[in-house]
Amino acid sequence: MNQILIDRFQLPKEAKDVFLKRVKINRDFIKTLPGFLGDEVYFCEKNKNISFVTVAKWKDSDSLENAKALVFSEYQKQNFHMTDFLEKNSIQLEREIYEKI
């Protein structure tokens, strides 16, 4: 059964450029992975804050688990630390995995 990974980000406008650069790197990478079926991105800017939602669709739970491992490995190669990046840029993240009914 397909797995849908939904990430919800809240960030200040000041972090927009650096955040979008990172999102592009991540999206370009996951599109090359086995089991990736597509993604969508949603953006809402209000006052001094940005809400950003990504929805990535994976073939099944094995594909998603494999992708997580490969993304983590890629982060290590890039010397990228997600937790530090989020904290440094005052970005909040909520992540959930859904199944389509």
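The values are calculated or read from the model by the stated rules, or taken from the named source; none is laboratory data. This structure is a prediction, so every number in the text was calculated from the model and none was measured. FYI the Cβ positions are ideal-geometry reconstructions off the backbone, even for glycines, and counts take in every protein chain you see. Calculation scope for accessible area: heavy atoms of the full protein, side chains included, ligands and nucleic acids excluded. Shrake-Rupley method; radii C 1.70, N 1.55, O 1.52, S 1.80 Å.
Determine whether LEU33 is hydrophobic (A, V, I, L, M, F, W, C) and open to solvent by 30 Å² or more (accessible area, probe 1.4 Å). Quick ask: steps written out before the conclusion?
On the way: hydrophobic (A, V, I, L, M, F, W, C): yes; open to solvent by 30 Å² or more (accessible area, probe 1.4 Å): no.
Judged against the criteria, LEU33 is not a match.
Identify all residues within the range 64-75 that are charged (D, E, K, R) and open to solvent by less than 80 Å² (accessible area, probe 1.4 Å); write none if there are none.
Scanning the range 64-75 gives a single hit, GLU74.
With in contact (Cβ under 8 Å) with a residue 60 or more places away in the chain and open to solvent by 30 Å² or more (accessible area, probe 1.4 Å) as the only criterion, which of ILE25, ILE101, ILE6, ILE91 stands out?
On the way: ILE25 fails: in contact (Cβ under 8 Å) with a residue 60 or more places away in the chain; ILE101 fails: in contact (Cβ under 8 Å) with a residue 60 or more places away in the chain; ILE91 fails: open to solvent by 30 Å² or more (accessible area, probe 1.4 Å).
From the options ILE25, ILE101, ILE6, ILE91, the qualifying one is ILE6.
Suppose we keep only residues that are closer than 21 Å to GLU96 by Cα and not charged (D, E, K, R) within the range 9-22. Which one would you say is surrounded by the fewest Cβ atoms within 10 Å (Cβ to Cβ)?
From the range 9-22, those closer than 21 Å to GLU96 by Cα are 9-11, 19-20, 22; that's our starting set.
Imposing the further condition that a residue be not charged (D, E, K, R) reduces the set to 9-11, 19-20.
On the way: PHE9: 19, GLN10: 13, LEU11: 20, PHE19: 19, LEU20: 15.
Out of the qualifying residues, it is GLN10.
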Total residues in the range 1-52, condition under 11 Å from the mean Cα position of the chain (by Cα) and among the basic types (Lys, Arg): 4
Return the residues of the range 44-84 that are within 24 Å of ALA15 (Cα to Cα), touching a strand residue (DSSP E or B) at 6+ places or on another chain (Cβ under 7 Å) and hydroxyl-bearing (Ser, Thr, Tyr); say none if nothing qualifies. SER51, THR54
For the range 76-85, does any single residue satisfy the condition of being open to solvent by 70 Å² or more (accessible area, probe 1.4 Å), at negative phi and among the hydrophobic types (A, V, I, L, M, F, W, C)? no
I need a count of the residues in the range 37-63 that are open to solvent by less than 40 Å² (accessible area, probe 1.4 Å), under 17 Å from ASN2 (Cα atoms) and hydrophobic (A, V, I, L, M, F, W, C). 3
